[in-house]
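S.K.: Quick one: structure below, then a few questions.
The values are calculated or read from the model by the stated rules, or taken from the named source; none is laboratory data. Every value quoted in this text rests on a predicted model; they were computed, and no experiment measured them. Here the Cβ is made from the backbone with ideal geometry for all residues, glycine too, and neighbour counts use every protein chain on show.
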Amino acid sequence: MTDAPDLRAIESKIKAKVETHLADAGRGGGAYVSNRASELGLACDTYHVLRWLRPELWQPPDVGLKKIFRIGEAMERPNLRLVEDAGFKVVEHGRPYSWAPMKISAHIDAKIIVPELSPDPIPLEHKTLSPNGFRFFRKAYDSGADWHAILEAKYTAYRKYPAQLQVYELLDGAAFGAWMLFEKASGDFFFWIHALDLDYAESLLRRAERVNAAVAAGEVPTPVRCDFCRDCQFQKSFCFLGQDFGPGHDVILDPSESAEWEAKLDRYAELASAASEHDDLWDEIKERFGGKTTIVGSWHLETTTYLQKRKAQEAREIEVSRLNVTRL
Ligand code: SF4
């Protein structure tokens, strides 16, 4: 009789092979040869120029992140199909755009006809979100805020979303664009329509112009610390070499938030020393009055004794004494 195959080992081998394939897909990313609409919202010229000039300093996402990205890619088609099946005209799936003078490229998810807004299709961007991310967007939307609120998101990756859609609108000559925001755990979704904000969109064009000029000159703008740095791979490979803030280090840059937390941390430190003094005094009191009932001035110290099971599931009981201190 032959030995049974080690199924666990075989399963692990299959998984490892698929993960290796996923990790290798698109490895390196290469140098940028255009300003990507999906990135222009990242408000650091240094970053953009480094993506063109120093691609070797940027590492592609790890396999865990790639798995997350795949969920978004996998859900885009079925969700756009759902919108079509509901009676909307959805066109130009995955259409590439480029704007040579500004060296901007884009890859629009689709366009949708919303008759109340225009007879022409407007850009439609599908975004897959975690439950937390979805809650964040939904809260902003329900509060009546417009899309500019997302530019203040603590999770800096979200700040790129409005820029991406605004660039699509600009490239497409559309007065509006729409997000379909989809929550991957519950399947819930909602739509958020953006009016084109020309001033904001033009600020993105100015960024592209500055990047193009710096790239042409081969000059990387001097890094200036900002709140995009905490999630940026160039932090340790170029901008702030030797300044190791540890993995995932978060810098609180907002002055009011920083002041609020600094005060709390100061107080916490004060209380910590008071807590240690409190513990020392308690040990002293127990040593002097434990097992007795005593009156000291206006204080009543009483020891109570009772039986308690050693562990909830054990029948055996032990005698426990507790010293209670109350003011008379
Ligand atoms: S680490 Fe900060 S300054 Fe450097 S490229 Fe990234 S975001 Fe810009």
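S.K.: Just one of (1) more than 18 Å from the chain's Cα centre (by Cα); (2) surrounded by 15 or more Cβ atoms within 10 Å (Cβ to Cβ); (3) not in a loop (DSSP other than H, G, I, E, B) trips up V114, so point out which.
M.R.: Going through the list (1) more than 18 Å from the chain's Cα centre (by Cα); (2) surrounded by 15 or more Cβ atoms within 10 Å (Cβ to Cβ); (3) not in a loop (DSSP other than H, G, I, E, B), V114 breaks only (3).
S.K.: Just a yes or no: is a residue in segment 90-103 part of a helix (DSSP H, G or I) and among the hydrophobic types (A, V, I, L, M, F, W, C)?
M.R.: First, the residues of segment 90-103 that are part of a helix (DSSP H, G or I): 100-102.
Okay, now just the ones that are also among the hydrophobic types (A, V, I, L, M, F, W, C), so 100, 102.
So far as segment 90-103 goes, yes, one or more of its residues are part of a helix (DSSP H, G or I) and among the hydrophobic types (A, V, I, L, M, F, W, C).
S.K.: Would you mention how many residues in segment 30-73 are within 14 Å of the ligand (Cβ to nearest atom) and out of contact with any helix residue (DSSP H, G or I) (no Cβ under 9 Å at 6 or more places or on another chain)?
M.R.: 1
To keep it simple, each residue is scored yes or no on (1) part of a loop (DSSP other than H, G, I, E, B); (2) among the aliphatic types (A, V, I, L, M); (3) modelled with pLDDT under 80; (4) in the same structural domain as V224 (by TED's automatic domain parsing).
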{"site": "L241", "(1), (2), (3), (4)": "yes, yes, no, yes"}
{"site": "S256", "(1), (2), (3), (4)": "no, no, yes, no"}
{"site": "A275", "(1), (2), (3), (4)": "no, yes, yes, no"}
{"site": "L281", "(1), (2), (3), (4)": "no, yes, no, no"}
{"site": "L301", "(1), (2), (3), (4)": "no, yes, no, no"}
{"site": "T305", "(1), (2), (3), (4)": "no, no, no, no"}
{"site": "Q313", "(1), (2), (3), (4)": "yes, no, yes, no"}
{"site": "E319", "(1), (2), (3), (4)": "no, no, yes, no"}
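Every residue, every condition in (1) outside the structural domain of L40 (by TED's automatic domain parsing); (2) modelled with pLDDT of 90 or more; (3) within 16 Å of the ligand (Cβ to nearest atom), yes or no:
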| residue | (1), (2), (3) |
| --- | --- |
| R207 | no, yes, yes |
| C226 | no, yes, yes |
| Q233 | no, no, yes |
| D244 | no, no, yes |
| Y268 | yes, no, no |
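S.K.: What residue, among those in segment 195-218 that are among the charged types (D, E, K, R) and part of a helix (DSSP H, G or I), is nearest to the chain's Cα centre (by Cα)? Let's see the steps before the verdict.
M.R.: As a first pass, look at segment 195-218 and keep what is among the charged types (D, E, K, R): 197, 199, 202, 206-207, 209-210.
With the extra rule that they be part of a helix (DSSP H, G or I), the set shrinks to 199, 202, 206-207, 209-210.
Values: D199: 27, E202: 26, R206: 27, R207: 24, E209: 28, R210: 27 Å.
For segment 195-218, the residue satisfying everything is R207.
S.K.: Let me ask another. Restricting to segment 2-53, count the residues that are in a helix (DSSP H, G or I) and small (G, A, S).
M.R.: As a first pass, look at segment 2-53 and keep what is in a helix (DSSP H, G or I): 7-24, 45-53.
After this cut, where a residue has to be small (G, A, S) as well, the list is 9, 12, 16, 23.
Looking only at that region, the number is 4.
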